[in-house]
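The values are calculated or read from the model by the stated rules, or taken from the named source; none is laboratory data. The model shown is predicted, which means the values in this text are computed figures rather than measured ones. Glycine gets a Cβ as well: all are built from the backbone with ideal geometry, and neighbour counts include every protein chain shown. These area figures cover heavy atoms from the full protein model, side chains too; ligands, DNA and RNA do not enter into them. Shrake-Rupley method; radii C 1.70, N 1.55, O 1.52, S 1.80 Å.
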Amino acid sequence: MLARLADAAQLSLGLAALSVLSAAIPGTVLGILAAWYGGALEKVLLFISDSVLALPGLLLVLLLATLAPGEFWPLYLGLSLAFWVEYFRVVRASARTLFASPGVEASLLLGFGLGYIVRRHVWPELAPVVRTLASFGLAAAVLAMAALGFVGVGVKPPRPELGVMMTELLPYYQEAPWLIAAPVGLLATTLLALILIQHEEKAA
């Protein structure tokens with residue numbers, strides 16, 4: 001049981017981290033570009049993000065997971081597509097304010113380009129925000145994977161995954177309730193740890 005829990009935790013955290021990274025990078029870059037250029041580019045990106053928001057994130061993951069049940073790529077792709085919008089909208093709103101700051105205006109007058117401005121003025125202010133979103137995104141991705149596994153859409157047995165293990169052990173809850181309590185407790189502890197890590201970073 002301990003070996004299966006360790007493997008399940010490695011799978012959940014690894015896939016969640018990959019999904020969050022794949023969502024954070026394009027979401028942040030597109031948010032900065034939309035705030036910098038504005039105009040038609042910003043309108044197109046806002047239309048795409050609004051279209052994605054019109055579909056609940058978990059439902060989007062569920063639709064992709066049904067295309068290839070038991071495979072990893074639908075979960076990864078679905079989580080990435082569901083999460084990038086949050087980074088895009090938050091970064092765009094913050095970057096618009098930062099681009100109007102006196103420091104950025106002075107850099108423009110001195111002839112510096114977008115790369116220098118982002119590196120020197122924008123990213124130091126955006127980094128804490130992106131880290132906060134990533135921390136909560138990890139927790140949301142782990143929970144979404146467990147939920148999909150529990151309803152039988154995510155990873156398939158015999159590969160250990162927290163949601164799948166809950167489903168497998170549910171028939172034995174009367175004879176051995178501690179068995180099903182193990183994946184439930186590990187999921188709750190993981191989510192709590194990810195949230196507390198972000199609180200510690202804010203306090204520091």
(message) Could you check segment 194-204 and list, in sequence order, the residues that are at pLDDT 80 or above and surrounded by fewer than 12 Cβ atoms within 10 Å (Cβ to Cβ)?
(response) 196
(request) With the condition kept exactly as written, say whether any residue in segment 42-57 is touching a residue at least 60 places away in the same chain (Cβ under 8 Å) and touching a helix residue (DSSP H, G or I) at 6+ places or on another chain (Cβ under 6 Å). (result) yes
(request) Could you please let me know if residue 136 is among the aromatic types (Phe, Trp, Tyr), closer than 23 Å to residue 86 by Cβ and within 19 Å of the chain's Cα centre (by Cα)? (result) yes
(message) Name the single residue that is farthest from residue 154 (Cα to Cα) among those in segment 29-80 being modelled with pLDDT of 90 or more, aliphatic (A, V, I, L, M) and open to solvent by less than 70 Å² (accessible area, probe 1.4 Å).
(response) 35
(message) Between a residue in segment 162-190 that is surrounded by 11 or more Cβ atoms within 10 Å (Cβ to Cβ) and any residue that is among the charged types (D, E, K, R) and not in a helix (DSSP H, G or I), which pairs come within a Cβ distance under 8 Å, given they are 6 or more apart or on different chains?
(response) 164/156
(request) Considering only segment 96-126, state which residues are in a helix (DSSP H, G or I), of a type in the set (A, V, I, L, M, F, W, C) and either closer than 13 Å to residue 36 by Cα or in contact (Cβ under 8 Å) with a residue 24 or more places away in the chain (or both). (result) 98, 99, 104, 108, 114, 117, 118, 122, 126
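Rundown of residues vs (1) aliphatic (A, V, I, L, M); (2) closer than 18 Å to residue 143 by Cα; (3) assigned to a helix (DSSP H, G or I), yes/no style:
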| position | (1), (2), (3) |
| --- | --- |
| 3 | yes, no, yes |
| 22 | no, yes, yes |
| 28 | no, no, yes |
| 31 | no, no, yes |
| 78 | no, yes, yes |
| 94 | no, no, yes |
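Any chance you could count how many residues in segment 136-158 are out of contact with any Asp or Glu (no Cβ under 8 Å at 6 or more places or on another chain) and either assigned to a loop (DSSP other than H, G, I, E, B) or touching a residue at least 40 places away in the same chain (Cβ under 8 Å) (or both)?
Matching residues across segment 136-158 total 15.
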(request) Of the conditions (1) open to solvent by less than 40 Å² (accessible area, probe 1.4 Å); (2) within 30 Å of residue 11 (Cα to Cα), residue 136 clears all except one; give me its number. (result) (1)
(request) Output the number of the condition that residue 144 fails; it satisfies all remaining conditions of (1) open to solvent by 10 Å² or more (accessible area, probe 1.4 Å); (2) at pLDDT 85 or above. (result) (2)
(request) Give segment 5-28 a look and list any residue that's of a type in the set (Ser, Thr, Tyr) and open to solvent by 20 Å² or more (accessible area, probe 1.4 Å), or say none. (result) 22
(request) Considering every residue within segment 84-105, establish whether at least one is at pLDDT below 85, surrounded by 13 or more Cβ atoms within 10 Å (Cβ to Cβ) and closer than 30 Å to residue 156 by Cβ. (result) no
(request) Scan segment 94-138 for residues that are among the β-branched types (Val, Ile, Thr) and closer than 30 Å to residue 190 by Cβ and jot them down. (result) 129, 130, 132
